[in-house]
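Below is one structure, written out as structure tokens; comments come after it.
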Amino acid sequence: MQAEGLQGQEIIGALMTPAGRGDPYALYAAARKLGPVFGGADLGMYVCTGHDEVNAVLRSPEFGKFEREQIIEGWQESLVEGGSVDTISRSILDANPPDHRRVRSLISSAFTPRRIAGLEPAITRVADQLLDELERRGSRGEPVDFMEYVAFRLPVTVICELLGVPEEDRARFRPLAHDLTVALELIDDLAKLAPADAAALELRAYFEKLTAQRRAQPADDLVSALVQVNSADDGRLSDVELIVNLTLLLVAGFETTTNLLGNGLELALKRPAVKKGLAGGGIPVEDFVEEVLRYDSPVQLTMRVALTDEARIGGQRLKRGEQVLLLIGAANRDPARYPDPESFDPLRPDSAPLSFGGGIHYCLGQGLARLEAQIAFSRLFQRFPEIRAVAEPVRSDRLVLRGYERLEVVLREGE
Ligand code: HEM
């Protein structure tokens, strides 16, 4: 996309078009020319492209999420109760302290490094079963869709096992999550939120039923553990908080990881040396995953708002309520932080991308997502070292959650 010389408003406008969503990186490069931070009152927000600036805002207590009153005021009668914006804005993803701290601490015990490391054998078993299925479908050289058979199924299986969502209910979640996550995009037309609202309401009904079942008959899973806290009725977890955070965990837990798997496979298939390095062990899979996260982050941006009049970005002072767009995808390619940022180099030292955010909202599932991707890629390339793409992969028309809809592969040479 022709992006050089564009100004702030034009860049933001272009990011909201199909072409901009398809390749936001040219627009980020144009944005970077305007500075690591630009915008202000004239643009209706500040925009950060610099790695240090994005990182600092994420970690600063002077910045946070929109307060509930701001959301109600901003959306007015368009805010659907129990709909997508309402659900996400009541979850920990959009909460500020002290509510954020209270609820996050209840969920985070399920995601400690020890708990996650303990899931390795189970994740490996699921990954191997999915690769068996991929092989069955592609055994005679038929093209198979990696997104459908592996990238979606691995994370959905893992998060549903953790939550305690029965197997027969899982297939329904792909379209529901896909619809609901539209609410995380930069929206220019409220009508686009109708399917997202419908998905949120359906998930709410689903989790109301599941939590009632677990209340009557607890099991050894995260839903039961949270239901138990909620049943204590001591102000630690309200009924609404229980439902919206289960919905968040489900949705945040797989759409993003699905995209990490798809983005990573596409990058490796376009680079024979990388594919060979992964199959032969010359490239450590952990380093490959970090570089995929940096180079084509499954989450491209997030927003913050100044919580006080003391909020600063660099030398710039903001007023309470002013908004900041944090372009994670641009920060991950900031030449001030990464030498030769536009090249994909899994052996790059000290990558530490901002793809999982930072500060108090640092992704709760980052350890799980990393582990799933490491296991999936190491099993995939060891088993199918000749795997190749058969068609141009099809991108989802999304900016914030960046990934592929379809990625068809053939598993062996000569097939
Ligand atoms: C590659 C996969 C993933 C990516 C790139 C990703 C990215 C992110 C980012 C950027 C944030 C912070 C957003 C912000 O600061 O506004 C976040 C938060 C969060 N993520 Fe992830 N995520 C991934 C996988 C997961 C998984 C597997 C789970 C759950 C099992 C998960 C659960 C969460 C939750 C609950 C939050 C909110 C945390 C809070 O606000 O305190 N994520 N994620």
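The values are calculated or read from the model by the stated rules, or taken from the named source; none is laboratory data. Note that the coordinates shown come from a computational prediction; the quantities given were computed from them, not determined experimentally. Methodologically, a virtual Cβ is constructed for each residue, glycine included, from the backbone with ideal geometry; neighbour enumeration extends over all protein chains shown. In case anyone asks, the SASA skips ligands and DNA or RNA and just uses the protein heavy atoms, side chains included. Shrake-Rupley method; radii C 1.70, N 1.55, O 1.52, S 1.80 Å.
Once neighbouring chains are kept in place and the probe is 1.4 Å, which whole percent of the accessible area of segment 35-410 is contributed by carbon and sulfur?
On the way: 8260 of 16230 Å².
Here it works out to 51 percent.
Quick one: net charge of Tyr338's neighbours, Cβ under 11 Å, K/R +1, D/E -1? Display every interim value, and only then the final one.
Details: positive: Arg294, Arg333, Arg337, Arg348; negative: Glu291, Asp334, Asp340, Glu342, Asp345, Asp350.
Here the count lands on -2.
Taking 31 Å as the cut-off for C-alpha to C-alpha distance, list the pairs among Lys65/Lys275; Lys33/Lys275; Lys192/Lys276; Lys33/Lys319 that go past it.
Numbers: Lys65/Lys275 40 Å; Lys33/Lys275 34 Å; Lys192/Lys276 42 Å; Lys33/Lys319 25 Å.
Too far apart for the 31 Å limit: Lys65/Lys275; Lys33/Lys275; Lys192/Lys276.
Which residue, Leu186, Gly141, Pro121, has the largest displacement toward the positive end of the dipole of segment 35-410 when charges sit on each Cβ (Lys, Arg +1; Asp, Glu -1)?
The Cα lying farthest towards the positive end belongs to Pro121.
To the nearest 20 debye, what is the magnitude of the charge dipole of segment 35-410 about its Cα centre, counting +1 on the Cβ of each Lys and Arg and -1 on the Cβ of each Asp and Glu?
Details: 44 positive and 58 negative charges, 172 e Å.
With Lys and Arg at +1 and Asp and Glu at -1, about 820 debye.
Can you work out the FRET efficiency for the pair Lys209 and Glu69, with r the C-beta to C-beta distance and R0 = 51 Å, to the nearest 0.05?
Values: r = 32 Å, r/R0 = 0.62.
The value I calculate is 0.95.
Just to be sure I understand the rule: take each whole DSSP H helix in the chain, project its Cα atoms onto its long axis, keep it if the span is 27 Å or more and its mean Kyte-Doolittle hydropathy is at least -1.0. Which ones pass? Don't skip to the answer; put the middle values down first.
On the way: long enough: 194-216 (34 Å, -0.28); 239-269 (46 Å, 1.06).
Sorted by number, the helices that extend far enough and score high enough are 194-216, 239-269.
Could you please state, rounded to a whole Å, how far the C-alpha centre of segment 5-83 is from the C-alpha centre of segment 248-287?
Answer, in whole Å: 27.
So how do Arg114, Arg320 rank on accessible area, 1.4 Å probe, biggest first, that is with the largest at the start?
Numbers: Arg114 210, Arg320 155 Å².
Descending order: Arg114, Arg320.
Do the sum for the chain: with -39,500 (n - 2.57) for every DSSP H run of n ≥ 4, divided by all residues, what is the mean residue ellipticity at 222 nm, to the nearest 500 deg cm²/dmol? Walk me through the numbers on the way to the answer.
Values: 18 runs with 206 residues, N = 415.
So the calculated ellipticity at 222 nm is -15000 deg cm²/dmol.
Would you check the accessible area of Met16, probe 1.4 Å, heavy atoms only, in square angstrom rounded to 10?
Using a 1.4 Å probe on the heavy atoms, I get roughly 50 Å².
Relative contact order (percent) for the chain, with alpha-carbon contacts under 8 angstrom and 6 or more residues of separation?
Details: 644 pairs, mean separation 106.2, N = 415.
The normalised contact order for the chain reaches 26 percent.
What FRET efficiency, computed as 1/(1 + (r/R0)^6) with R0 = 56 Å and r the Cβ-Cβ distance, is obtained for Asp239 and Ala41, rounded to the nearest 0.05?
According to the calculation, E is roughly 0.90.
Can you find, among Val251, Ala306, Pro346, the residue farthest towards the positive end of the dipole of segment 232-350? Put +1 on the C-beta of Lys and Arg, -1 on that of Asp and Glu.
Of Val251, Ala306, Pro346, it is Pro346.
Using protein chains only and a probe of 1.4 angstrom, how many square angstrom of Ile313 are accessible, to the nearest 10?
Number for this one is 10 Å².
In whole angstrom, note down how far apart the Cα centers of segment 364-415 and segment 321-350 are.
So the separation of the two Cα centres works out to 22 Å.
I'd like the GluC sites (Glu not before Pro) in segment 287-384 restricted to DSSP loop residues with at most 16 other Cβ atoms within 10 Å, sorted by number. Each step should come with its number before you reach the end.
Details: sites: Glu290, Glu291, Glu310, Glu322, Glu342, Glu372; in loops: Glu310, Glu322, Glu342.
The qualifying sites are Glu310, Glu342.
Taking a probe of 1.4 angstrom, what is the accessible area of Val390 in Å², to the nearest 10?
60
What percent of all Cα-Cα pairs in the chain falls into each 20 Å bin, going from 0 up to the bin containing the maximum distance?
26, 59, 15, 0
Per residue, how many Å² of accessible area does segment 35-410 show with a 1.4 Å probe? Walk me through the intermediate numbers first.
Values: 16230 Å² over 376 residues.
For segment 35-410, the solvent-accessible area averages 43 Å² per residue.
How would you classify segment 148-229 from its alpha-carbon gyration tensor, with a ≥ b ≥ c the square roots of the eigenvalues: rounded for a/c under 1.5, else prolate if a/b is greater than b/c, otherwise oblate?
Details: a/c = 2.60, a/b = 1.56, b/c = 1.67.
Cα axes put segment 148-229 in the oblate bin.
Could you identify which residue out of Asp233, Asp397, Asp296 has the top mean-square fluctuation in a GNM of the chain using Cα springs shorter than 10 Å?
Of Asp233, Asp397, Asp296, the most mobile in the Gaussian network model is Asp233.
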